[in-house]
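Reviewing the structure listed below.
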There are 2 protein chains.
Amino acid sequence: MARASTTSDAFNAVAEPRRREILSYLASGERPVGDIVASLKFDQPSVSKHLRVLRSVGLVRVRCEGRHKFYRTNAEAIRPLHEWAGTFERFWQHQLLSVKKRAEEQMSKLIPASDSTDTKEKP
Amino acid sequence: MARASTTSDAFNAVAEPRRREILSYLASGERPVGDIVASLKFDQPSVSKHLRVLRSVGLVRVRCEGRHKFYRTNAEAIRPLHEWAGTFERFWQHQLLSVKKRAEEQMSKLIPASDSTDTKEKP
DNA sequence: TTGACATATTCCTATATGAGTATGTATTGT
DNA sequence: ACAATACATACTCATATAGGAATATGTCAA
């Protein structure tokens, strides 16, 4: 089996760095395609194709006005990603604590008289 | 050009659903490969290959002990993903507010006498 | 209508999968 | 030494890109 389609979900869609750039660019407000091309310096067909992928998974929305199409990021669609990653937050916090604790233990070995915290000594 | 390698960064690595499952499974503590195979019901070679991808981008760590290899999720490596998605948080909050406001405006149209907030009327 | 402008689509190609199967490599127990 | 156990790697195959070039579609303006 090949890799899952880029249009299969937000995870696959944002795996492409240029699509992430486009999302960031469009986050603060809608812009016509030409602005993306001019600002990010990608080929126009490339931008169109990336937008198609992003649109297919709901990461961007379009508003047509004459010959312009205004795209904007649909931040809501990024939330599942944020939440999935967030389920690991307590683990990396735990890891940081462990690292801190080990560092402090090393400290106490090197400077046995000192406490492992940076609390001022009581005079 | 083809799609970027799955081993090019965490974004590409977690695009694969099975790899996300493995990461979640290994988040709470280290497990031997056999446990992953037994619990998630993937083929053993498939698990090994996914672990290889995850390891190459630092999403998992290994500890070898005899003929067992204990893998664990390195949550720290998921943080950049969480933070990237987090940069959109204020936008989706803004979107939710807009939706709420529009809904309330609709409400006031339907029930002109009522205020757009749920504040009790002063008697 | 005709031309200019803004976007989208098509065609091509090199490359990278992921699943399945078979096989290789350590390491342990007897 | 030998068999069993635990993982990793190699091979094949169907499929999905992403970029580049060329072209198509749609809309406005004179």
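The values are calculated or read from the model by the stated rules, or taken from the named source; none is laboratory data. Please read these numbers as outputs of a predicted model, since none were measured by experiment. For neighbour counting, all protein chains shown are included, and Cβ atoms are generated from backbone atoms with ideal geometry for every residue, glycine included. What goes into the accessible areas is simple: the full protein's heavy atoms, side chains included, and nothing from ligands, DNA or RNA. Shrake-Rupley method; radii C 1.70, N 1.55, O 1.52, S 1.80 Å.
For the list (1) under 17 Å from B:Lys69 (Cα atoms); (2) more than 11 Å from DNA strand C (Cβ to nearest atom), I need the number of the one condition that B:Ala10 fails.
Every listed condition holds for B:Ala10 apart from (1).
Would you please name the residue that is farthest from the chain's Cα centre (by Cα), looking only at residues in segment A:15-59 that are more than 10 Å from DNA strand D (Cβ to nearest atom) and under 14 Å from B:Ala15 (Cα atoms)?
A:Val57
Filter segment A:29-44 down to residues that are away from chain B (no Cβ under 14 Å) and surrounded by fewer than 14 Cβ atoms within 10 Å (Cβ to Cβ) and give me whichever is farthest from DNA strand C (Cβ to nearest atom).
Looking at residues that are away from chain B (no Cβ under 14 Å) and surrounded by fewer than 14 Cβ atoms within 10 Å (Cβ to Cβ), I get A:Lys41.
How about segment B:56-75: which of its residues are within 20 Å of B:Glu16 (Cβ to Cβ) and of a type outside the set (Val, Ile, Thr)?
The answer is B:Ser56, B:Gly58, B:Leu59, B:Arg61, B:Tyr71, B:Arg72, B:Asn74, B:Ala75.
Do you know which residues across segment B:38-74 are of a type outside the set (S, T, N, Q), at negative phi and in contact (Cβ under 8 Å) with a residue 40 or more places away in the chain?
Within segment B:38-74, B:Val53, B:Leu54, B:Val57, B:Leu59, B:Phe70, B:Tyr71, B:Arg72 meet the criteria.
Name the one entry in A:Arg63, A:Arg90, A:Arg67, A:Arg55 that is among the basic types (Lys, Arg) and within 14 Å of chain B (Cβ to nearest Cβ).
Just a single option satisfies the conditions, and that option is A:Arg90.
Would you call A:Gly86 away from DNA strand C (no atom under 12 Å from the Cβ) and in contact (Cβ under 8 Å) with a residue 40 or more places away in the chain?
Criteria not met by A:Gly86.
Under 8 Å between Cβ atoms, which residue pairs at least 6 apart in sequence (or on different chains) link something in segment B:13-24 that is more than 9 Å from every other protein chain (Cβ to nearest Cβ) with a partner that is open to solvent by less than 10 Å² (accessible area, probe 1.4 Å)?
Hits for this filter: B:Arg19/B:Ala13; B:Arg19/B:Leu54; B:Arg19/B:Leu59; B:Ile22/B:Ile36; B:Ile22/B:Val47; B:Ile22/B:Leu51; B:Ile22/B:Leu54; B:Ile22/B:Val60.
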